[in-house]
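Written below as structure tokens is the structure these notes are about.
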Amino acid sequence: MYHKLIIAGHLGTDPEMRYTPEGTPVTSFRMASNIRYRDASGEQREETIWFRVSVFGRQAEIANQYLQKGRPVLVEGRLRPDPQTGNPRIFRRSDGTAGAVYEVRADRIVFIGPRPAEAPPAVEAEEPVLEEPGSIEEEEIPF
């Protein structure tokens, strides 16, 4: 079995990088994805879902260097369930209401929105690359 998750949203925190005991870089950040809709009574509603994203290797280094709070980003990856329940991690907010956090292991991160002052450096081909929109050459499109 296989699943893939694609999320577009904004970073809610600046990325934090650390290293595994083996020396592999890991960058984590929180991101929010919003949807606006009208309910049955015609009122405009907004729903926000929060994700905790972890990315490894060279992509972790690039994400830590170029991403910052508020930056729009697209993440492709897979959900990581709570090992105890198999569901999203449930917690209590300070106001007493319940909340859930969805953990995502990113396979690919795409910068969206305005290009930063410095473009990310090229990454070795054996690892997925952080891409900027519009970076695909026309000859590479399969149709």
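The values are calculated or read from the model by the stated rules, or taken from the named source; none is laboratory data. As the structure is a prediction and not an experimental result, all values here were calculated from the model. Using ideal geometry, Cβ is built from the backbone for each residue, glycine included, and neighbour counts are taken over all protein chains shown.
Where the second residue is among the polar types (S, T, N, Q) and modelled with pLDDT of 90 or more and the first is surrounded by 10 or more Cβ atoms within 10 Å (Cβ to Cβ) and lies in the range 91-107, which pairs have Cβ atoms under 8 Å and are six or more apart or on separate chains?
E103/S54; V104/S54; R105/S54; A106/S54; A106/Q59
Take the range 1-60 and flag every residue that is in contact with a strand residue (DSSP E or B) (Cβ under 9 Å, 6 or more places away or on another chain), free of Cβ contacts under 8 Å to residues at least 60 places away in the same chain and of a type in the set (S, T, N, Q).
If the condition is that a residue be in contact with a strand residue (DSSP E or B) (Cβ under 9 Å, 6 or more places away or on another chain), free of Cβ contacts under 8 Å to residues at least 60 places away in the same chain and of a type in the set (S, T, N, Q), then T13, T20, T24, T27, S28, S33, N34, Q44, T48, S54 are the ones that fit.
Here is a yes/no grid of residues against (1) closer than 19 Å to M17 by Cβ; (2) modelled with pLDDT under 85; (3) not β-branched (V, I, T):
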{"residue": "V55", "(1), (2), (3)": "yes, no, no"}
{"residue": "N64", "(1), (2), (3)": "yes, no, yes"}
{"residue": "P81", "(1), (2), (3)": "no, yes, yes"}
{"residue": "Y102", "(1), (2), (3)": "no, no, yes"}
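Could you please let me know if R36 is out of contact with any Pro (no Cβ under 9 Å at 6 or more places or on another chain), exposed (fewer than 15 other Cβ atoms within 10 Å of the Cβ) and basic (K, R)?
Spelling it out, R36 is indeed out of contact with any Pro (no Cβ under 9 Å at 6 or more places or on another chain), exposed (fewer than 15 other Cβ atoms within 10 Å of the Cβ) and basic (K, R).
So which residues in the range 47-85 are within 28 Å of R36 (Cβ to Cβ), over 11 Å from the mean Cα position of the chain (by Cα) and small (G, A, S)?
The one that is within 28 Å of R36 (Cβ to Cβ), over 11 Å from the mean Cα position of the chain (by Cα) and small (G, A, S): G70.
When you go through H10, H3 one by one, which is the residue that is closer than 22 Å to L79 by Cβ and outside any strand (DSSP E or B)?
The unique qualifying residue is H3.
Given the conditions (1) farther than 14 Å from T27 by Cβ; (2) in contact with a Gly (Cβ under 7 Å, 6 or more places away or on another chain), which single one is not true for A106?
(1)
Here are the criteria: (1) surrounded by 10 or more Cβ atoms within 10 Å (Cβ to Cβ); (2) more than 12 Å from V73 (Cβ to Cβ); (3) of a type in the set (D, E, K, R); (4) at pLDDT below 65. Tell me which single one E132 does not satisfy.
Failed condition: (2).
For the range 47-68, enumerate the residues that are over 14 Å from V110 (Cα atoms) and among the β-branched types (V, I, T).
T48, I49
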